[in-house]
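The values are calculated or read from the model by the stated rules, or taken from the named source; none is laboratory data. Keep in mind the model is a prediction, meaning the values are calculated, not measured. Please note: Cβ atoms are built from the backbone with ideal geometry, for glycine as well, and neighbour counts cover all protein chains shown. Ligands, DNA and RNA are excluded from the accessible area calculation, which covers all protein heavy atoms including side chains. Shrake-Rupley method; radii C 1.70, N 1.55, O 1.52, S 1.80 Å.
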Amino acid sequence: MIGAKGYDAAPFRNSITSLRITSKDDGGGKALYMTESNLRVYNFDKVMHRYISSLPKGKRPEESPSSVDALVRLTNDDCVLVEFKNGVLDKKAFAQVREKVLSSVLVLGDLLGYSLEEICQHVDFVLVYNEKKNKSGRSKDVPPAQSIAVSESRRSITKGFSRKGSKESALRNSAEGHGRPEFGMRKKLKGFCAREVRECTESEFGNEFVANWEHASLSQ
């Protein structure tokens, strides 16, 4: 595996920022943030830009590929890619997010020396969406998130992906009985370019992921 020095690659340098900054949406003229967390993460837009800039001129794409917003490093080997979508997730936006994940996985694999098989063993993806703007979603046939097999040392960090007991039942009841949006991202990406995939609202993201990540970072 890569070990801690895998993150010493040039595109990662000076790309560290807060999770709050990576969630910024100023498309409407006013800056809005989908989380207030100051957890230190990698701004993956910057990582992508620096990666493309480092390529020989003849090998750079004419148009720089889009990337997900953030990379959260959990351990030396495990990480989470995060995409924040404050707008409506229509068919076009869904396709754009999928392309962002695919291009981000390719670059991340090259930087960390991961094969696609290793990506599917060590990299998760979380889509954070605006609940008010996405009431119906795209698909209702996507099963609720399933548990990830994790070691005890990683269990608290990746707790947001473990959907067990009453929590899992509550999520399933919400999806089936209350029209919870399901966009089909998990169906498209899980096992192909990510170990696990979650779609969640801003509040779910804060409660199920950020809280655990911040707790883990304080205990390290």
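Spot the failing condition for LYS30; the list is (1) loosely packed, with under 13 Cβ neighbours inside 10 Å; (2) touching a residue at least 60 places away in the same chain (Cβ under 8 Å); (3) not aromatic (Phe, Trp, Tyr), and only one is missed.
(2)
Please go through region 78-93 and give me each residue that is open to solvent by less than 40 Å² (accessible area, probe 1.4 Å) and part of a helix (DSSP H, G or I), ordered by number.
ALA93
How many of the residues making up region 33-57 are open to solvent by 60 Å² or more (accessible area, probe 1.4 Å) and within 23 Å of GLY87 (Cα to Cα)?
5
Restricting to region 1-10, what's the tally of residues that are surrounded by 12 or more Cβ atoms within 10 Å (Cβ to Cβ) and in a helix (DSSP H, G or I)?
In the first step, residues of region 1-10 are kept if they are surrounded by 12 or more Cβ atoms within 10 Å (Cβ to Cβ); the result is 1-2, 6-7, 9-10.
Imposing the further condition that a residue be in a helix (DSSP H, G or I) reduces the set to 6-7, 10.
Number satisfying all stated conditions: 3.
Restricted to region 23-77, and to residues that are part of a loop (DSSP other than H, G, I, E, B) and among the hydroxyl-bearing types (Ser, Thr, Tyr), which residue is modelled with the lowest pLDDT? Full working, then the answer.
The initial filter retains those residues of region 23-77 that are part of a loop (DSSP other than H, G, I, E, B), namely 23, 26-31, 34-39, 55-56, 60-69, 74-77.
Subset that is among the hydroxyl-bearing types (Ser, Thr, Tyr): 23, 35, 37, 64, 66-67, 75.
Details: SER23: 98, THR35: 97, SER37: 97, SER64: 85, SER66: 95, SER67: 97, THR75: 89.
Filtering first and then ranking leaves SER64.
How many residues does region 102-131 hold that are among the β-branched types (Val, Ile, Thr), buried (at least 23 other Cβ atoms within 10 Å of the Cβ) and assigned to a helix (DSSP H, G or I)? Please lay out each step first, then the result.
From region 102-131, those among the β-branched types (Val, Ile, Thr) are 105, 107, 119, 123, 126, 128; that's our starting set.
Restricting the remaining residues to those that are buried (at least 23 other Cβ atoms within 10 Å of the Cβ) gives 105, 123, 126, 128.
Now narrow it down to the ones that are assigned to a helix (DSSP H, G or I): 105.
Final tally of qualifying residues: 1.
Give region 1-32 a look and list any residue that's over 17 Å from the mean Cα position of the chain (by Cα) and within 27 Å of GLY87 (Cα to Cα), or say none.
Listed by number, the residues that qualify are ASP26, GLY27, GLY28, GLY29, LYS30, ALA31, LEU32.
Enumerate the pairs (first residue in region 77-105 and without any contact (Cβ under 8 Å) to a residue 12 or more places away in the chain and under 18 Å from LYS188 (Cα atoms); second residue anywhere and open to solvent by 10 Å² or more (accessible area, probe 1.4 Å) and of a type in the set (Asp, Glu)) with beta-carbon separation below 7 Å, excluding pairs fewer than 6 apart on the same chain, so at least 6 apart or on different chains.
Correct list of pairs: empty, since none qualify.
With the checklist (1) open to solvent by 50 Å² or more (accessible area, probe 1.4 Å); (2) modelled with pLDDT under 95 in hand, flag the one item GLU99 doesn't pass.
(2)
Checking the conditions here, which among ARG20, ARG60, ARG73, ARG13 is in contact (Cβ under 8 Å) with a residue 40 or more places away in the chain, basic (Lys, Arg) and open to solvent by 40 Å² or more (accessible area, probe 1.4 Å)? So that I can check it myself, show each step before the final result.
Numbers: ARG20 fails: in contact (Cβ under 8 Å) with a residue 40 or more places away in the chain; ARG60 fails: in contact (Cβ under 8 Å) with a residue 40 or more places away in the chain; ARG13 fails: in contact (Cβ under 8 Å) with a residue 40 or more places away in the chain.
The conditions single out ARG73.
Report yes if PHE183 is part of a loop (DSSP other than H, G, I, E, B) and open to solvent by less than 30 Å² (accessible area, probe 1.4 Å), otherwise no.
Details: part of a loop (DSSP other than H, G, I, E, B): yes; open to solvent by less than 30 Å² (accessible area, probe 1.4 Å): yes.
Considered against the rule, which asks whether it is part of a loop (DSSP other than H, G, I, E, B) and open to solvent by less than 30 Å² (accessible area, probe 1.4 Å), PHE183 comes out as yes.
Restricting attention to region 51-64, does a residue exist that is touching a strand residue (DSSP E or B) at 6+ places or on another chain (Cβ under 8 Å) and of a type outside the set (Phe, Trp, Tyr)?
First, pick out the residues of region 51-64 that are touching a strand residue (DSSP E or B) at 6+ places or on another chain (Cβ under 8 Å): none.
No; the residues of region 51-64 include none that is touching a strand residue (DSSP E or B) at 6+ places or on another chain (Cβ under 8 Å) and of a type outside the set (Phe, Trp, Tyr).
Those residues that are at negative phi and not in a helix (DSSP H, G or I), I need them from region 11-22; list them, please. Reasoning before the result, please.
Of the residues in region 11-22, the ones at negative phi are 11-13, 15-22.
Matches in region 11-22: ARG13, SER15, ILE16, THR17, SER18.
For region 190-207, enumerate the residues that are assigned to a helix (DSSP H, G or I) and surrounded by 21 or more Cβ atoms within 10 Å (Cβ to Cβ). Even if it seems obvious, please write down each step before you answer.
Of all residues in region 190-207, those assigned to a helix (DSSP H, G or I) come to 202-207.
Within region 190-207, just PHE205 meets the criteria.
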